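Structure, as structure tokens:
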Amino acid sequence: MSLINGLPAHVLLVHIVVVLVPLSALVLVVCAIWPQAARRLGPALPILALVALASVPLTTEAGEWLERHVDSDPLVRNHAELGDGLLPWVVGLFVLAAGVWWLARRTPAEGSGARSGSVLRIVAAVLSVVVAAGATVDVYRIGDSGAKAAWHDAYSKTPTKGDGDKGDGDEG
């Protein structure tokens, strides 16, 4: 993907990642800690994580296209390097989401007893918290670096128009 409606696709697709990855992380943690929530959501949990997962390579590919179409800049390179590290976190979110969903559907009679199910749920909850935190922090770091790369020289810290201009276009 390169352009959507005349805009670089990356600047539009990134919003999907910025919303769905942290949302998937939050829902995963809630479902891992509270299995009844996972049972209520049913397959929505792994589907949400799958959509988030699919959005990452699309956004990364669009970002690589955009990187080839802007001036070389250390901030852009840093953003691109950080962006390349998100996919493993989101793969982890998806795998854990599928696992938490599967565990929520299991009954103790199907497994090797209630105790093994409890141990699996605890392990899944701990892993979910760790991976969700890692993915969310990574999204923040990538977004922060992208904003700095995009805006570092694109605005003035002081108003460029007179004090009387409120920017509404209605001067009188």
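The values are calculated or read from the model by the stated rules, or taken from the named source; none is laboratory data. Note that the coordinates shown come from a computational prediction; the quantities given were computed from them, not determined experimentally. Note that we place each Cβ from the backbone using ideal geometry, even for glycine, and neighbour counts take in every protein chain shown. In case anyone asks, the SASA skips ligands and DNA or RNA and just uses the protein heavy atoms, side chains included. Shrake-Rupley method; radii C 1.70, N 1.55, O 1.52, S 1.80 Å.
Can you name every residue in the stretch 33-56 that is among the small types (G, A, S), closer than 12 Å to A97 by Cβ and open to solvent by 20 Å² or more (accessible area, probe 1.4 Å)?
A44
Of the residues in the stretch 67-92, how many are more than 12 Å from the chain's Cα centre (by Cα), of a type in the set (A, V, I, L, M) and open to solvent by 40 Å² or more (accessible area, probe 1.4 Å)?
Count: 2.
Taking the condition of being in contact with a Leu (Cβ under 6 Å, 6 or more places away or on another chain) and within 26 Å of A104 (Cβ to Cβ), how many residues in the stretch 1-24 meet it?
1
Residues to consider are V95, V100, V90, V129; find the one that is closer than 18 Å to V30 by Cβ, in contact with a Ser or Thr (Cβ under 7 Å, 6 or more places away or on another chain), at pLDDT 95 or above and of a type outside the set (D, E). Can you show your working first?
On the way: V95 fails: in contact with a Ser or Thr (Cβ under 7 Å, 6 or more places away or on another chain); V90 fails: in contact with a Ser or Thr (Cβ under 7 Å, 6 or more places away or on another chain); V129 fails: in contact with a Ser or Thr (Cβ under 7 Å, 6 or more places away or on another chain).
Checking each option against the conditions leaves just V100.
Among the residues of the stretch 1-32, which ones are out of contact with any strand residue (DSSP E or B) (no Cβ under 6 Å at 6 or more places or on another chain), surrounded by fewer than 16 Cβ atoms within 10 Å (Cβ to Cβ) and assigned to a helix (DSSP H, G or I)?
Once the filter is applied, which keeps residues that are out of contact with any strand residue (DSSP E or B) (no Cβ under 6 Å at 6 or more places or on another chain), surrounded by fewer than 16 Cβ atoms within 10 Å (Cβ to Cβ) and assigned to a helix (DSSP H, G or I), the stretch 1-32 yields V11, H15, V19, L23, L26.
Looking at the stretch 137-158, which of the residues that are open to solvent by 100 Å² or more (accessible area, probe 1.4 Å) and in contact with a helix residue (DSSP H, G or I) (Cβ under 8 Å, 6 or more places away or on another chain) is modelled with the lowest pLDDT? Don't jump to the end; show me each part of the working.
Going residue by residue through the stretch 137-158, those that are open to solvent by 100 Å² or more (accessible area, probe 1.4 Å) are 140-141, 148, 151, 153, 155, 157.
Now drop any that are not in contact with a helix residue (DSSP H, G or I) (Cβ under 8 Å, 6 or more places away or on another chain), which leaves 141, 148.
Details: R141: 98, K148: 92.
Only one residue fits best here, namely K148.
How about the stretch 36-83: which of its residues are outside any helix (DSSP H, G or I) and in contact with a helix residue (DSSP H, G or I) (Cβ under 7 Å, 6 or more places away or on another chain)? Reasoning before the result, please.
Taking the stretch 36-83 as the starting set, the residues that turn out to be outside any helix (DSSP H, G or I) are 42-43, 68-73.
Result: P43, V70, D73.
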